[in-house]
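Each remark here refers to the structure printed beneath this line.
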Amino acid sequence: MPAITPMPPLADGVGLPWDIAVDDAVAELAHARDAYGDTFVVDSGGDRYLFTFSAQGVESFYALPEAQASKGVADFLMLRRKLPDEIFLGRRILPGGLFRRGDVATYLSNLDHALVETVTELGDAGTVDVFALTRRLGHRMGLASWAGPGNDTGDNFERLVLAFDTLDGSDAFVHPDAMAAVAASGKKAERAALADVGEVIGAALELHNGTESNDPDDSLFGRIAAAWADEPDDVRRTGVAGDVALIHIASMSNLAAALGWALVDLVGHPHERDLVAAGDRTLADRCALESTRLAQRSIMARSVLEPVEFADGTTTYRVDPGSTIATLLPLTNTSAGPGLTTWDPLRWDRHRLADTSGLASAQLVTSFGHGKHSCPAQPFSLAAMSKALIHLLSTYHVVAQWTSYPIPVPAQIGGVARAAGPCPLAYRRA
Ligand code: HEM
């Protein structure tokens, strides 16, 4: 194991859910923190993790330089448990390139169309699973935004939804316990799904080829197609499909789930629900931030590439390459100060906490991260969530059919929580 000097306490017998069966991945680490303090080491599956939860430890975590302790590498190591390596190789337009000037307006206008389509599908009354609804909406908006012409409706849409539900990178942290089986299968189902994505996107590229000589296409799909324009046809098709796939997979990791929790929470808070239904965008933003905070299950991880000094406020450690430095949002988001266990959208002022006086550090609480790796999609995601909440709640009267507040998938250790069971919502046109 890579050295950490001095060595913090080693959490004996504790493992991560990719490596050993655990009942509740977050509770396991919470118990370790109770037993060993705010900084401790977990050795699991041949890897060494330095977990940190103190105020300065978390601040030091967010300040780690990418060259020494990499988020990109940590994400790759996590996602490759589920996704075939070829999805990551040779990418030209990455998910971080999604938010150029003008892009968000396009995505939000696609969301408008997707919402109209959603209401058509829902009809006047019925019952729908909250998270199935938001997931399908996320697919439709995303595929309209970056998957090329004709892929957000009809057979192409259904085919891509099926493929992406198999090729869902977030399974790596939502169902970590299933990753051994994915490895044992040689990622056969995922490779077949990627081939399917390639066929559908390849056909869209041909449609696009017919139009590109007339007008330079500045849409995201146009930029992706242009990035591969110098390649022979077969390389271009695979390259474009790979870029679209990785972007769509990145978009699937949090947004639809966060929107689902915002709906669940608003359904349970009629006063705020009515104000949002009446179009209060500022409140809708705050509700989206608050539900996301409470639903956070994210492990935040950095892979150490060069020796790095890491201070947790009590001790400065030298951490050798090969370790992962990590913190876990659910262990700080609801316990770092008084009152954090309750849903209170008014704690947010714009995108920040209105009052941080009860916190040892403002960085102990977050929905979208801190520092230079914080989410580049935050403004877009909040705008999209608010728009969807206002549209759905103003179109329908909704009544929760769950009898107790939904609980997250227990093994999940990353991203925004997925509900462990069905969350049926009855609706009737207002
Ligand atoms: C409610 C929805 C979302 C939430 C709660 C969320 C949350 C986060 C968080 C907490 C981080 C920081 C992770 C870290 O520091 O380790 C992050 C980073 C990131 N997110 Fe999001 N995210 C959301 C939506 C999206 C969407 C829709 C996309 C893209 C389509 C996206 C793309 C990214 C990227 C590319 C990064 C990495 C930034 C970097 O490394 O510098 N996110 N997100």
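Here GLY169 fits the description: touching a Ser or Thr at 6+ places or on another chain (Cβ under 9 Å), under 24 Å from MET78 (Cα atoms) and in contact (Cβ under 8 Å) with a residue 60 or more places away in the chain. Just so you know, in segment 410-430 the residues that are farther than 15 Å from VAL130 by Cα and out of contact with any Phe, Trp or Tyr (no Cβ under 8 Å at 6 or more places or on another chain) include one that is least open to solvent (accessible area, probe 1.4 Å), and it is ALA411. Here GLY72 passes the criteria (1) touching a residue at least 24 places away in the same chain (Cβ under 8 Å); (2) within 16 Å of the ligand (Cβ to nearest atom); (3) under 19 Å from MET252 (Cα atoms) except the one numbered (1). Taken as a whole, segment 169-178 holds no residue that is at pLDDT 95 or above, within 30 Å of VAL398 (Cα to Cα), of a type in the set (Asp, Glu) and not in a helix (DSSP H, G or I). Filtered by the rule that a residue be open to solvent by 10 Å² or more (accessible area, probe 1.4 Å), in contact with a Cys (Cβ under 9 Å, 6 or more places away or on another chain) and either among the polar types (S, T, N, Q) or within 17 Å of GLU117 (Cβ to Cβ) (or both), segment 383-409 gives a lone residue, GLN401.
Out of PHE88, PHE76, PHE61, which single residue is crowded, with 20+ Cβ neighbours inside 10 Å, within 30 Å of LEU16 (Cβ to Cβ) and either among the aromatic types (Phe, Trp, Tyr) or within 21 Å of the chain's Cα centre (by Cα) (or both)?
Only one candidate qualifies: PHE61.
Within segment 358-382, residues that are touching a residue at least 60 places away in the same chain (Cβ under 8 Å) sit with their Cβ atoms under 6 Å from residues that are polar (S, T, N, Q) and within 6 Å of the ligand (Cβ to nearest atom), at 6+ positions apart or across chains, in these pairs: SER367/THR292; PHE368/SER374. Scanning segment 9-58 for residues that are within 26 Å of the chain's Cα centre (by Cα), open to solvent by 50 Å² or more (accessible area, probe 1.4 Å) and under 20 Å from GLY313 (Cα atoms) turns up ARG33, ASP38, GLN56. Among all residue pairs at least 6 apart or on different chains, which show Cβ distances below 9 Å where the first residue, located in segment 246-258, is in contact (Cβ under 8 Å) with a residue 60 or more places away in the chain and more than 8 Å from the ligand (Cβ to nearest atom) and the second is open to solvent by 30 Å² or more (accessible area, probe 1.4 Å) and part of a loop (DSSP other than H, G, I, E, B)? The qualifying pairs are LEU246/PHE88; LEU246/ARG91; LEU246/ILE93; LEU246/LEU94. Looking across THR324, THR292, THR332, THR316, one residue alone is in contact with an Asp or Glu (Cβ under 8 Å, 6 or more places away or on another chain) and within 16 Å of the ligand (Cβ to nearest atom). It is THR324.
Give me the residue from segment 88-114 that is hydrophobic (A, V, I, L, M, F, W, C) and in contact with a Lys or Arg (Cβ under 9 Å, 6 or more places away or on another chain) and, out of that set, farthest from SER219 (Cα to Cα).
Across segment 88-114, the extreme among qualifying residues is PHE88.
Of note, LEU382 does not satisfy the criterion of being over 30 Å from MET1 (Cβ atoms) and away from the ligand (no atom under 16 Å from the Cβ). Taking the criterion of being among the hydroxyl-bearing types (Ser, Thr, Tyr) and on the phi > 0 side of the Ramachandran plot, no residue of segment 362-394 qualifies. Please verify whether LEU137 is surrounded by fewer than 18 Cβ atoms within 10 Å (Cβ to Cβ) and in contact with a Ser or Thr (Cβ under 9 Å, 6 or more places away or on another chain), treating the condition exactly as stated. It is false that LEU137 is surrounded by fewer than 18 Cβ atoms within 10 Å (Cβ to Cβ) and in contact with a Ser or Thr (Cβ under 9 Å, 6 or more places away or on another chain). Per the listing ASP112, ASP152, ASP177, ASP124, the residue uniquely under 22 Å from the mean Cα position of the chain (by Cα), open to solvent by 50 Å² or more (accessible area, probe 1.4 Å), in contact (Cβ under 8 Å) with a residue 24 or more places away in the chain and more than 27 Å from GLN296 (Cβ to Cβ) is ASP112.
The values are calculated or read from the model by the stated rules, or taken from the named source; none is laboratory data. These numbers come from a predicted model, not from an experiment. With ideal geometry, Cβ positions are generated from the backbone for all residues, glycine too; neighbour counts draw on all protein chains shown. These area figures cover heavy atoms from the full protein model, side chains too; ligands, DNA and RNA do not enter into them. Shrake-Rupley method; radii C 1.70, N 1.55, O 1.52, S 1.80 Å.
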